[in-house]
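Before any comments, here is the structure.
The values are calculated or read from the model by the stated rules, or taken from the named source; none is laboratory data. Only a predicted model underlies this, so the values are computations on that prediction, with no experimental measurement involved. Counting neighbours? That spans all protein chains shown, and the Cβs are built from the backbone with ideal geometry, glycine included.
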Ligand code: AP5
Ligand code: MG
């Protein structure tokens, strides 16, 4: 099964992807995380990507696709995976079709208002080592400033400033939102109200997935 999470910056893609990993074991493949890793390592690709990411624009399709192809080729993706933040352009969606996946494709559009996004992202803290996601009010770490999972000092992402968030939202509406209509036309899209508490959002997503997985098993089309 291939699960695609669409949604604005801060809509909860990473949070839902982590919930699905924990509930079903599907690896969470975040192109944002892969790019940030390349930036941290200072690879040539990371140096090019950093300037776009810092401005709230998109990294070029060929670069992101190369990273994604390499990640999806690993063994843990064979039984299914969750894509968080890919595709983000119509061209990326076209390319994705040439990379096979086992079982059905299910796409979720996490719908949140721009005001909620701003509130969420300015209070987000992340772990630069394991990419765990926190929120100062909604999901604080047990010890202030320290990752529960690996003990690393938490950071604020450098694209989580109000100026860059506004630009990321603009990029999302212009380049990524058109994908919603594309997947709706394919009959693969499920719209989820992303404004509720994180547990309720994950519950809605899981309800849909359980139904799809049940159908795939009963028709023998699952993995
Ligand atoms: P990426 O890292 O994917 O960032 P994004 O799309 O802007 O999304 P975020 O990670 O900011 O938010 P999210 O939806 O994951 O929300 P989260 O779960 O953290 O990409 C970064 C950059 O990389 C892009 O701008 C671009 O430059 C580049 N890039 C990446 N992919 C690319 C691609 N395919 N092509 C080209 N360029 C690409 O939640 C946010 C906060 O809210 C957290 O604090 C969380 O705890 C909290 N929260 C989550 N859900 C809830 C809830 N239901 N209620 C209350 N709080 C909640
Ligand atoms: Mg994310």
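When residue 106 is tested against (1) within 16 Å of ligand 2 (Cβ to nearest atom); (2) closer than 17 Å to residue 19 by Cβ; (3) touching a helix residue (DSSP H, G or I) at 6+ places or on another chain (Cβ under 9 Å), exactly one condition is not met: (1). The set of residues in the stretch 1-29 that are part of a strand (DSSP E or B) and within 6 Å of ligand 1 (Cβ to nearest atom) contains only 7.
To keep it simple, each residue is scored yes or no on (1) part of a helix (DSSP H, G or I); (2) in contact with a helix residue (DSSP H, G or I) (Cβ under 7 Å, 6 or more places away or on another chain); (3) at pLDDT 95 or above; (4) exposed (fewer than 15 other Cβ atoms within 10 Å of the Cβ).
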{"site": "118", "(1), (2), (3), (4)": "yes, yes, no, no"}
{"site": "125", "(1), (2), (3), (4)": "no, no, yes, no"}
{"site": "130", "(1), (2), (3), (4)": "no, no, no, yes"}
{"site": "150", "(1), (2), (3), (4)": "no, no, yes, yes"}
{"site": "173", "(1), (2), (3), (4)": "yes, no, yes, yes"}
{"site": "202", "(1), (2), (3), (4)": "yes, yes, yes, no"}
{"site": "217", "(1), (2), (3), (4)": "yes, no, no, yes"}
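Using the structure shown, decide if residue 57 is more than 9 Å from ligand 1 (Cβ to nearest atom) and either at pLDDT 95 or above or touching a helix residue (DSSP H, G or I) at 6+ places or on another chain (Cβ under 7 Å) (or both).
Working: more than 9 Å from ligand 1 (Cβ to nearest atom): no; either at pLDDT 95 or above or touching a helix residue (DSSP H, G or I) at 6+ places or on another chain (Cβ under 7 Å) (or both): yes.
So residue 57 does not fit the description; no.
When the stretch 138-148 is filtered for residues that are surrounded by fewer than 15 Cβ atoms within 10 Å (Cβ to Cβ) and either in contact with a helix residue (DSSP H, G or I) (Cβ under 9 Å, 6 or more places away or on another chain) or at positive phi (or both), the ones remaining, listed by number, are 138, 145.
Checking the conditions here, which among 21, 71 is within 16 Å of ligand 2 (Cβ to nearest atom), without any contact (Cβ under 8 Å) to a residue 60 or more places away in the chain and touching a strand residue (DSSP E or B) at 6+ places or on another chain (Cβ under 6 Å)? Steps first, answer last, please.
On the way: 21 fails: without any contact (Cβ under 8 Å) to a residue 60 or more places away in the chain.
Among 21, 71, only 71 is within 16 Å of ligand 2 (Cβ to nearest atom), without any contact (Cβ under 8 Å) to a residue 60 or more places away in the chain and touching a strand residue (DSSP E or B) at 6+ places or on another chain (Cβ under 6 Å).
In this structure, does residue 108 turn out to be within 19 Å of residue 9 (Cα to Cα), touching a strand residue (DSSP E or B) at 6+ places or on another chain (Cβ under 7 Å), buried (at least 20 other Cβ atoms within 10 Å of the Cβ) and modelled with pLDDT of 95 or more?
On the way: within 19 Å of residue 9 (Cα to Cα): yes; touching a strand residue (DSSP E or B) at 6+ places or on another chain (Cβ under 7 Å): yes; buried (at least 20 other Cβ atoms within 10 Å of the Cβ): yes; modelled with pLDDT of 95 or more: yes.
Criteria met by residue 108.
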